[in-house]
Amino acid sequence: MAEILAVGEAMEPALALLLGGDVVAIPTETVYGLAGDATNGIGVARIFEAKGRPRFNPLIAHVADMAMAERIASFDPLSRKLALAFWPGPLTLVLPQRPGNGIHPLVTAGLDTIAVRMPRGFGGDLIARLGRPLAAPSANSSGKISATTAQAVAADLGGRIKLVVDGGATPVGLESTIVKAEGERLRLLRPGGIAADEIEAAIRMELQRGGTAGVEAPGMLASHYAPGAAVRLNAGTVGEGEALLAFGDHRAEGWRGATAFLNLSLSGDLSEAASNLFAYMQDLDRSGARIIAVEPIPFDGLGEAINDRLSRAAAPRDNAQPTT
Ligand code: TXA
Ligand code: MG
């Protein structure tokens, strides 16, 4: 079983594992990550193995500072502006790779672009000490809900990794927003911990969405973030045997009959809802409910990312190929 060490005592053991080509689960401001040295093929392969993640699905390279980011990727002016505005923070930029950047090709699944992010907190310190980027997907088995506590990581991956660094519950609770440079424009590949309208305000330009280019983050398949229970969205009533994931102070009809009940945010605060989302889905799942009914959540601000994750949790699972 993995050892769980508090951030204050984890730096040296984490470094030793990474230098030995092993993986370590670390807290970031978004969700926990399963980190390996991005320049070491053995370390990167262990990440895919521990998660059961298909090799075609590329990983984010996490950096400690702008100089490290510029060594691995080429920044256009808009992307640089976003990096300066939001890093360190929950934003990932997909950029052209610099040839000969030393990143192992497994990290990018052979693409000529690379996803780059500068995390806050322990992760950033660890990367600075290592002096090399860390490849880190969310620290969950492929297709499952991302972990927002060290205990959730240990419960899922504890049998397959040696160390979980415990930084407490992650403050943002949703994965980073992913944006890709496309010529003069930027495309939103994944809504996440920074609301799209904040990004649009910073660049004074609308983000491209969906559309014809068909470029989605390869990990964004329909069924994802899947709890064991079925998930029913926009519930106005609660049915027999259903647990209720509530939002705000207006309850769905029949809520007193719910087999289990949690409220993402009584005051209707979307940041609070985001930080509670994954842990509450796991709690309701553990309650043994057959179905988790979810009250409507507004789409503005962080609501876009919350609704994105919920609709993936609710998607049919029949021929699903779970990924990240
Ligand atoms: O907040 C986060 O982003 C967390 C923390 C640990 O940093 N990480 C995370 O990683 O969510 P992961 O692997 O679970 O999700 C990364 C997503 C995947 O959907 C992957 O397909 C996409 O980023 N991605 C990675 N490289 C890409 C690229 N070159 N082009 C397009 N999408 C890419
Ligand atoms: Mg993931």
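Descriptive notes on the structure:
- For residue 144, the lysines whose Cα comes closer than 19 Å to its Cα, not counting residues fewer than 8 places off in the same chain, are 51.
- Debye-formula intensities of the chain, expressed as log10 I(q)/I(0) at q = 0.07, 0.09 Å⁻¹, are -0.26, -0.44 (one equal scatterer per alpha-carbon, no solvent).
- Solvent exposure of the chain as accessible area per residue, Å², 1.4 Å probe: 40
- Extent of the range 1-65 along its three principal axes (Cα atoms, max minus min coordinate, largest first): 35, 24, 23 Å.
- Secondary structure note: in the chain, about 45% of the DSSP beta bridges are antiparallel.
- Carbon/sulfur fraction of accessible area - the chain, other protein chains in place, 1.4 Å, %: 53
- Each of the peptides 149-156, 80-87 was scored by the mean count of other Cβ atoms within 10 Å over its residues; in descending order, highest first, they stand as 149-156, 80-87.
The values are calculated or read from the model by the stated rules, or taken from the named source; none is laboratory data. Quick caveat, the model's predicted, so the values are computed rather than measured. No Cβ is skipped: glycine too gets one built from the backbone with ideal geometry, and neighbour counts run over all protein chains shown. Side chains included, ligands, DNA and RNA excluded: accessible areas come from the protein's heavy atoms. Shrake-Rupley method; radii C 1.70, N 1.55, O 1.52, S 1.80 Å.
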